[in-house]
Amino acid sequence: MHGFFGSYKQKINWDLSAFAVPSFVTRTHEDKALQLTQVTLPKFLSDKYFTEEDGCFLATEGVLFEADKPAEAIARYRKGETVFWDSWRGSFAGVLYDRLSDTLLLFNDQTGSKMLFYTQTENGSFFASDLRVLACNLGLQMPEKDFIQAILEQGYSSGNKTFVKGIRRLTAGQYLRISGKNVEIADYHHFSNTPYEYNETEMIAETDRLFRQAVARVIHKNEQEHLQHFFPLSGGLDSRMTQWIAHQIATQPIFNYTYSQSGHYDHLLPKEISRALGNDWQFFPLDGGAYITDIDRVCSLTEWLVNYMAPIEIAYFTQQTSWKQTGVVLTGINGDNILATETDNAHEMARIYDLGFNGNSLGSPLVLQHVTESYSPFCDVDLLDYVLHVPTIKRRNYYFYDHWILTRYPEAAQWHHKHEQIGQRHKMITLAGRNIRLTEVPKRLIMYALKRLHIYDAYRAQGDSMNPYDDWAKANPALEKTLDNYFDTHKHLLTTQALIAMCEHKMRIGSIMEKGKVLTILSALQAFADSDGPAKRTTAAG
């Protein structure tokens, strides 16, 4: 990933040949103890600070909707406001070096949307936005066993570990303070879901105000920068509501795109909705699934942090489209996790931090960052800081979500959602902290039993899915054969018999998604097997 490449106390000759792309902007800075190179897309350059003021150097990466000017930020820091960026809104990471105290701060935004990896040696500290570049330039290649286990079990890691032992990443609401050999990591922003007293009228009104504010941030940024509104639209409720409100706010045309299996409601509903909104609409069929064999490129784009199958569609789509004139992509990432929580109050925050800010929710934004910026109103700090206090029992099973729509945007409720009429949902029960439709209980129990018996291959047919990978694989055996061949070619990289047995089992009877977990690990083992050479990766700038 393009971004920052820096060191503190020990200089390094970064090999950045992977970013030798004419469209990138490169800037360098050397200070008393700081060495920094920034390689970035030319979009939103006014938001990417690279400035020295009052004995401090400040650099930022990403897009800023609301933020201090560099001089103002440094003045606040000098007054003792160490985490001045907590009041900023956007998708960003940053570096601040205080020459007077010889202190370096590395910070991420409140939801951890930007990649910033770091490690420390006896002689200094090193950080980069790209995991492989950092590992290769420092000769680090030892796999992190706990991370591998997490990928194989969950498809992601909920902590700050990476595939490479000794390299960590800043996660949601964290910053790193380095002074000499003293390294401290701290949380500066933590979301809470302590329930407020429920007042539906007031809570719907405030949620609506904050949601519209979040959408407006993206719309205004794009129009200020004279960039196109190019936004995804699926059959889901989250993208529907972001686009419905964006249509009311935007003064410039909105272009929607949809990718799905042809004929699925994720294809047909967006067509109807975009037509009702008067938006231009582009459909990109994913029939057949040949793109799921693009293993190494997608793993590289997502820094080997998630099962490559999670963002595989958006990675395929970005290759087929020009992004030069595209602004911030307004997505619906994390919507169901926030407004329609699937768990109870006690388990919700762990689920949001694990799945909402890590997990599969991380994959698509990481892919988009290679070509532009993206933002979801459901990840907006102000919205999260309020709506998470709406009691979970009111947000479960779309109760609060549906009432918001029916109260404020009833015309958006004319289309079904997951084959249910908005406001008329199936009954739910709670099992092990998870909300499950009553009609799905028998299926869930069967799936649980099959998994316990290690014969869950029987449930691989996907039927009603926008991307039925397993059905595609059954119709085209060559597709699954390609994945199996990748495993056979690289399985010698697995180091223990237990790991080999686990991976072979998943490859033998697991679904395509389960196989994706194994192939993600094999891709990482291959990529980091030799860290002596230059960091070779696919760059998707454009």
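Tabulated values for the structure
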read-out	value
Subset tally (residues that are open to solvent by less than 70 Å² (accessible area, probe 1.4 Å) and under 22 Å from I178 (Cβ atoms)) for segment 25-34	5
Single unsatisfied condition, Q38 versus (1) polar (S, T, N, Q); (2) farther than 24 Å from S125 by Cβ; (3) crowded, with 19+ Cβ neighbours inside 10 Å	(2)
Yes/no for Y308 being within 24 Å of K161 (Cβ to Cβ), in contact (Cβ under 8 Å) with a residue 60 or more places away in the chain and assigned to a helix (DSSP H, G or I)	no
Within segment 452-524, helices (runs of 4 or more DSSP H) holding 1 or more residues that are in contact with a His (Cβ under 9 Å, 6 or more places away or on another chain), modelled with pLDDT under 95 and among the β-branched types (V, I, T)	497-509
Within segment 205-304, strands (runs of 3 or more DSSP E) holding 1 or more residues that are surrounded by 19 or more Cβ atoms within 10 Å (Cβ to Cβ) and in contact with a His (Cβ under 6 Å, 6 or more places away or on another chain)	254-260
Single match in K181, K165 (criterion: modelled with pLDDT under 95 and charged (D, E, K, R))	K181
Where a residue in segment 229-247 is within 20 Å of E373 (Cα to Cα) and its partner, wherever it lies, is open to solvent by 10 Å² or more (accessible area, probe 1.4 Å) and charged (D, E, K, R), with Cβ under 7 Å and at least six apart	S234/D266; D238/D336; I245/R212
Hits in segment 1-24 - residues which are exposed (fewer than 13 other Cβ atoms within 10 Å of the Cβ) and in a helix (DSSP H, G or I)	S17
Total residues in segment 50-60, condition open to solvent by 10 Å² or more (accessible area, probe 1.4 Å) and under 20 Å from D130 (Cβ atoms)	1
Condition met for D102 (within 16 Å of the chain's Cα centre (by Cα) and among the acidic types (D, E))	no
Residue list for segment 479-501, restricted to those being open to solvent by less than 60 Å² (accessible area, probe 1.4 Å) and either in contact (Cβ under 8 Å) with a residue 60 or more places away in the chain or more than 18 Å from M142 (Cα to Cα) (or both)	L479, E480, L483, D484, Y486, F487, L499, A501
Positions within segment 122-139 being in contact with a Gly (Cβ under 9 Å, 6 or more places away or on another chain), farther than 17 Å from G173 by Cα and in a loop (DSSP other than H, G, I, E, B), in sequence order	D130
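Results for (1) over 15 Å from H189 (Cα atoms); (2) in contact (Cβ under 8 Å) with a residue 12 or more places away in the chain; (3) not in a strand (DSSP E or B), shown as yes or no for each residue.
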{"residue": "A59", "(1), (2), (3)": "yes, yes, no"}
{"residue": "D68", "(1), (2), (3)": "yes, yes, yes"}
{"residue": "F92", "(1), (2), (3)": "no, yes, no"}
{"residue": "L105", "(1), (2), (3)": "yes, yes, no"}
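Yes/no matrix, rows are residues, columns are (1) buried (at least 17 other Cβ atoms within 10 Å of the Cβ); (2) closer than 13 Å to N193 by Cβ; (3) under 26 Å from the mean Cα position of the chain (by Cα); (4) among the hydroxyl-bearing types (S, T, Y):
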position: D380; (1), (2), (3), (4): yes, no, yes, no
position: K394; (1), (2), (3), (4): no, yes, no, no
position: H403; (1), (2), (3), (4): yes, no, no, no
position: G423; (1), (2), (3), (4): no, no, no, no
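The rows are residues; the columns are (1) part of a helix (DSSP H, G or I); (2) open to solvent by 10 Å² or more (accessible area, probe 1.4 Å); (3) under 30 Å from N222 (Cα atoms); (4) of a type outside the set (S, T, N, Q).
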{"position": "D86", "(1), (2), (3), (4)": "yes, yes, yes, yes"}
{"position": "Y97", "(1), (2), (3), (4)": "no, no, no, yes"}
{"position": "S101", "(1), (2), (3), (4)": "no, yes, no, no"}
{"position": "Q110", "(1), (2), (3), (4)": "no, no, yes, no"}
{"position": "Q141", "(1), (2), (3), (4)": "no, yes, no, no"}
{"position": "A150", "(1), (2), (3), (4)": "yes, yes, no, yes"}
{"position": "S158", "(1), (2), (3), (4)": "no, yes, no, no"}
{"position": "I185", "(1), (2), (3), (4)": "no, yes, no, yes"}
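The values are calculated or read from the model by the stated rules, or taken from the named source; none is laboratory data. Computed from a predicted structure; not experimentally measured. Because the Cβ atoms are built from the backbone with ideal geometry, glycine has one as well, and the counts that use them run over all protein chains shown. What goes into the accessible areas is simple: the full protein's heavy atoms, side chains included, and nothing from ligands, DNA or RNA. Shrake-Rupley method; radii C 1.70, N 1.55, O 1.52, S 1.80 Å.
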